[in-house]
Amino acid sequence: MKKIIVLSAIALASFASHADVRINGFANFVGGITSGDESLYGYSDNISFSPESVFAVQVSADVNSKMTATGQLVARGENDYKADFEWAYLTYQATDKVAISAGRLRLPLFKYSASKDVGYSYHWVSAPRAIYDVNFNNLDGIKVDYSNYSGDWEYTLQGAFGTVSNDLDTTVGPARLQVDNMMLVSAEAVYNFLKVRASYVTSKASLANTTIDGTVGSLRQAGLTSIADNLAFDDDTATFTGFGIEYDTFDWFIGGEWTEIAIDDSFNPTNTAFYVTAGMRTGKWTPALTYEKFDANNPFKFLDKVAALPAPVQPTANAVVVGLQQPFVDEYEVTTFSVRYDLDTNVALKADVSKYSDKIDSAADATLVRFAVNYVF
């Protein structure tokens with residue numbers, strides 16, 4: 001698959017000299033500060049412009065009448081504006097209704113998946129993190145899009161297959177996520193002001209981390225192989241389910257999305273998330289109110305298996321099983337009031353106030369004020 005990504009990038013350069021080349025881009029200049037000593041989303045009580053600021057350039061070139069190469073370079077403030085190729089893929093327009101893409105591309109998980117980084121495309125300063133802050137946005141693989149009409153309905157069906165490999169930070173330190181044999185199906189339908197969508201993903205997933213691997217290994221050394229196998233996050237079946245609905249009259253709108261991520265045979269808790277947002281457009285102004293909730297606060301897994309162990313080893317096994325799962329327990333709510341002002345063509349100014357309420361540790365409660373300049377070119 002890496003070869004396909006490289007070929008996509010090469011195709012952009014190779015055909016740029018004698019093909020239609022389109023250069024587009026976007027930028028989000030975002031600043032934020034919390035109201036006290038608490039921190040949230042990388043912001044603190046000292047104003048910062050790094051956590052969510054982004055600059056990106058996208059280049060696409062026609063290889064021939066049916067094939068297009070696309071690449072996107074993204075520089076993020078949180079990475080000291082180091083530019084990386086986030087997208088690099090080839091698209092073959094097989095028919096008027098069917099397109100096939102191969103390379104590194106964005107997974108169609110959510111309403112704003114394709115434009116998640118393009119702040120200009122939505123009314124928030126950033127899309128609700130309870131839903132959009134996932135570790136598998138981009139796929140190395142193949143995607144098929146089918147678009148058509150049925151009566152007054154316009155619909156799009158998408159299927160994708162491939163792999164994901166990401167470094168990420170967890171509550172127990174840096175980790176490596178490997179997702180293989182990922183299969184996705186999604187559908188979106190539009191009828192007048194109404195839009196509905198659904199997506200489902202299944203895959204085999206593994207997470208490598210020094211602390212987790214060491215804990216699981218200690219259980220095996222103690223002869224508790226069955227418990228260790230249950231807790232291990234190693235080539236386990238993972239599923240993602242998502243639904244979304246929106247009603248937008250252009251003067252006002254209301255909508256939301258709901259997701260669930262489950263990896264049953266591992267220490268990882270099942271998490272569910274949703275948001276509901278509503279707003280109105282009056283001239284150049286778009287005020288809106290959004291409520292979001294994330295819940296990974298489930299009963300601890302595999303305690304029934306611990307209870308079946310000999311009594312002398314139960315206290316130690318229970319402490320290890322609970323201790324491995326505890327750092328990943330999470331539950332919070334966020335209420336955000338936002339306002340957008342369309343300053344000029346392709347330029348928007350935004351501001352929002354978010355109240356974060358942690359249902360596990362009230363000391364982590366925070367209020368965040370952000371402002372942004374978003375533009376596309």
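What follows draws every value from the coordinates through simple rules; no lab data is involved. Fair warning: this is a prediction, and the values are worked out from it, not measured in the lab. Neighbour counts run over all protein chains shown; Cβ positions are idealised from the backbone, glycine included.
Where is the GNM fluctuation largest for the chain (alpha-carbon springs, 10 angstrom cutoff): 340, 22, 129?
22
How far, in degrees from 0 to 90, does helix 314-325 lean away from the longest principal axis of the Cα atoms of the chain, to the nearest 10?
10 degrees
Within region 228-262, which GluC sites (Glu not before Pro) sit in a loop by DSSP and count at most 12 neighbouring Cβ atoms inside 10 Å?
Working: sites: 246, 257, 260; in loops: none.
Listed in order of number, the matching sites amount to none.
Can you work out the Karplus-derived ³J(HN,Hα) for every residue in region 329-336? Use 6.51 cos²θ - 1.76 cosθ + 1.60 with θ = phi - 60°, whole Hz, and x for glycine or proline.
Along region 329-336, the couplings run 6, 8, 7, 8, 10, 9, 10, 10 Hz.
Summing -39500 (n - 2.57) over the DSSP H runs of n ≥ 4 in the chain and dividing by its residue number, what mean residue ellipticity at 222 nm do you reach, to the nearest 500 deg cm²/dmol?
-4000 deg cm²/dmol
Diagonalise the Cα gyration tensor of the chain and give the resulting equivalent ellipsoid semi-axes, square root of 5 times each eigenvalue, largest first, whole Å. Intermediate results must be reported in sequence, preceding the final value.
Values: eigenvalues 271, 151, 86 Å².
Semi-axes from the Cα gyration tensor: 37, 27, 21 Å.
Any lysines with Cα under 21 Å of the residue 293 Cα? List them, leaving off those in the same chain fewer than 8 positions away.
Partners found: 111, 116, 355, 359.
Could you tell me how many degrees, from 0 to 90 and to the nearest 10, lie between the Cα long axis of helix 2-16 and the main elongation axis, the longest principal axis, of the Cα atoms of the chain?
The answer is roughly 20 degrees.
Considering amide H positions built from the backbone, and no H for Pro or chain starts, which residues 5 or more places from residue 331, or on another chain, come under 5 Å of its amide H?
Long-range HN contacts for residue 331: 296, 359, 360.
Residue 360 to residue 192: FRET efficiency via 1/(1 + (r/R0)^6), r the Cβ-Cβ distance, R0 41 Å, to the nearest 0.05? Working shown, then result.
Numbers: r = 42 Å, r/R0 = 1.03.
According to the calculation, E is roughly 0.45.
May I ask you to order 108-115, 160-167 by the average number of other C-beta atoms within 10 Å around their residues, highest value first?
Final packing ranking: 108-115, 160-167.
Mind listing the phi-derived Karplus ³J(HN,Hα) values for region 70-78, rounded to whole Hz, using 6.51, -1.76 and 1.60 with θ = phi - 60°, and x for any glycine or proline?
Working through the residues one at a time gives 10, x, 10, 9, 10, 10, 10, x, 5 Hz.
Could you tell me which of rounded, prolate or oblate describes region 99-154, using a ≥ b ≥ c as the square roots of the eigenvalues of the alpha-carbon gyration tensor, with rounded for a/c under 1.5 and, failing that, prolate when a/b is larger than b/c and oblate otherwise? Before the final figure, lay out each step's value.
Details: a/c = 2.41, a/b = 1.23, b/c = 1.96.
Oblate, because a/c is 1.5 or more while a/b does not exceed b/c.
What residues from region 200-219 fall in the zone where the backbone N is under 18 Å from a label point 7 Å along the Cα-to-C-beta line of residue 225?
Under 18 Å, as judged by backbone N against the label point of residue 225, lie 216-219 of region 200-219.
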